[in-house]
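Peer 1: Please find one structure pasted underneath; my questions will follow.
The values are calculated or read from the model by the stated rules, or taken from the named source; none is laboratory data. As the structure is a prediction and not an experimental result, all values here were calculated from the model. A quick note on method: Cβ atoms are made from the backbone with ideal geometry, for glycine too, and the neighbour counts reach across all protein chains shown.
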């Protein structure tokens with residue numbers, strides 16, 4: 001079969017809440033790379049946390065992360081940062097609102113949260129990964145790290161507060177904004193997204209949309225679907241399913257490797273015979 005590009009989101013698509021890549025997923029993705037296909041993960045995670053999953057799958061796996069602001073392909077790293085002015089605009093846009101902010105460098109999470117559940121969740125994502133979290137308690141502390149920031153995240157369970165922050169950020173014209181779920185705003189350098197990173201990869205590899213498979217379960221995956229065959233997880237939000245060409249089983253049922261094994265007509269095994 002002609003060389004294909006396979007791009008898969010991480011959380012809720014490639015891995016479940018356990019943060020563990022299944023043996024069947026490893027088997028299929030490794031086989032595809034051995035057969036000459038190009039395999040990427042695409043995530044909103046910072047580089048160090050994306051690497052922690054990529055390294056479970058196979059050595060030197062290609063990565064799109066930070067929602068497209070960072071790409072690692074064949075060992076070459078491309079990074080677009082928010083910029084100090086944009087970071088401080090983000091800070092000023094949220095500081096009086098009942099929301100929390102996370103800022104990400106390549107290996108560090110900066111945040112302004114004191115909520116125990118939020119801190120526990122960040123610690124869970126970092127399990128087994130040597131990447132720090134640093135509390136930012138003031139505008140001055142934020143300014144001191146602003147030049148390191150690649151992308152950010154605004155989080156709240158208050159939809160009205162989140163919508164108000166979204167409107168303020170959008171009005172500045174300084175950011176690309178997306179969301180992985182109804183409780184967050186992903187803040188990305190202007191003109192950058194998972195989709196733009198995918199387009200650049202396609203150009204570099206000379207692989208067209210007809211030979212690109214894209215897997216996702218979040219709203220931020222939808223723009224990538226326009227650049228290939230979009231495959232949504234069966235338990236994704238309806239808006240994601242509607243935007244995809246087709247669906248596959250949930251991540252808890254190895255949806256990504258099952259779809260790929262069928263698409264590439266791999267021999268049936270005990271892991272994929274249902």
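Peer 1: Just give me the residues in the range 5-37 being under 18 Å from the mean Cα position of the chain (by Cα) and closer than 15 Å to residue 201 by Cβ, in sequence order.
Peer 2: Those that are under 18 Å from the mean Cα position of the chain (by Cα) and closer than 15 Å to residue 201 by Cβ: 5, 6, 7, 8, 9.
Peer 1: Residues that are assigned to a loop (DSSP other than H, G, I, E, B), closer than 17 Å to residue 37 by Cα and over 12 Å from the mean Cα position of the chain (by Cα): does the range 210-219 have at least one? Please lay out each step first, then the result.
Peer 2: At the first step, the residues of the range 210-219 found to be assigned to a loop (DSSP other than H, G, I, E, B) are 217-218.
Those left that are additionally closer than 17 Å to residue 37 by Cα: none.
Taking every residue of the range 210-219 in turn, none turns out to be assigned to a loop (DSSP other than H, G, I, E, B), closer than 17 Å to residue 37 by Cα and over 12 Å from the mean Cα position of the chain (by Cα).
Peer 1: I'd like the residue in the range 1-32 that is part of a loop (DSSP other than H, G, I, E, B) and crowded, with 17+ Cβ neighbours inside 10 Å and, out of all such residues, is modelled with the lowest pLDDT.
Peer 2: First pass over the range 1-32, keeping only residues part of a loop (DSSP other than H, G, I, E, B): 1-4, 10, 12-14, 16-22.
Subsequent filtering for residues that are crowded, with 17+ Cβ neighbours inside 10 Å retains 4, 10, 12-14, 19, 21-22.
Details: 4: 99, 10: 96, 12: 95, 13: 98, 14: 97, 19: 89, 21: 97, 22: 97.
The extreme case among them is 19.
Peer 1: While we're on this one: Would it be correct to say that residue 72 is at pLDDT 95 or above and part of a loop (DSSP other than H, G, I, E, B)? Walk me through it before giving the result.
Peer 2: Numbers: at pLDDT 95 or above: yes; part of a loop (DSSP other than H, G, I, E, B): no.
So residue 72 does not fit the description; no.
Peer 1: Additional query: Give all pairs with beta carbons closer than 6 Å in which a residue from the range 113-141 that is assigned by TED's automatic domain parsing to the domain that holds residue 90 meets a residue that is part of a loop (DSSP other than H, G, I, E, B) and at pLDDT 90 or above; count only pairs at least 6 apart in sequence or on separate chains.
Peer 2: Close Cβ pairs satisfying both conditions: 131/107; 132/108; 136/112.
One line per residue, one yes/no per condition, for (1) more than 16 Å from residue 64 (Cα to Cα); (2) crowded, with 17+ Cβ neighbours inside 10 Å:
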site	(1), (2)
194	no, yes
198	no, yes
215	no, yes
222	no, yes
238	yes, no
247	yes, yes
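This table checks each residue for (1) touching a strand residue (DSSP E or B) at 6+ places or on another chain (Cβ under 6 Å); (2) assigned to a helix (DSSP H, G or I); (3) assigned by TED's automatic domain parsing to the domain that holds residue 16.
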| residue | (1), (2), (3) |
| --- | --- |
| 168 | no, yes, no |
| 182 | no, no, no |
| 204 | no, yes, yes |
| 231 | yes, no, yes |
| 235 | no, no, yes |
| 239 | no, yes, yes |
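Peer 1: Would it be correct to say that residue 187 is in contact with a helix residue (DSSP H, G or I) (Cβ under 9 Å, 6 or more places away or on another chain) and part of a helix (DSSP H, G or I)?
Peer 2: Details: in contact with a helix residue (DSSP H, G or I) (Cβ under 9 Å, 6 or more places away or on another chain): yes; part of a helix (DSSP H, G or I): no.
Taking the combined requirement at face value, the residue does not satisfy it.
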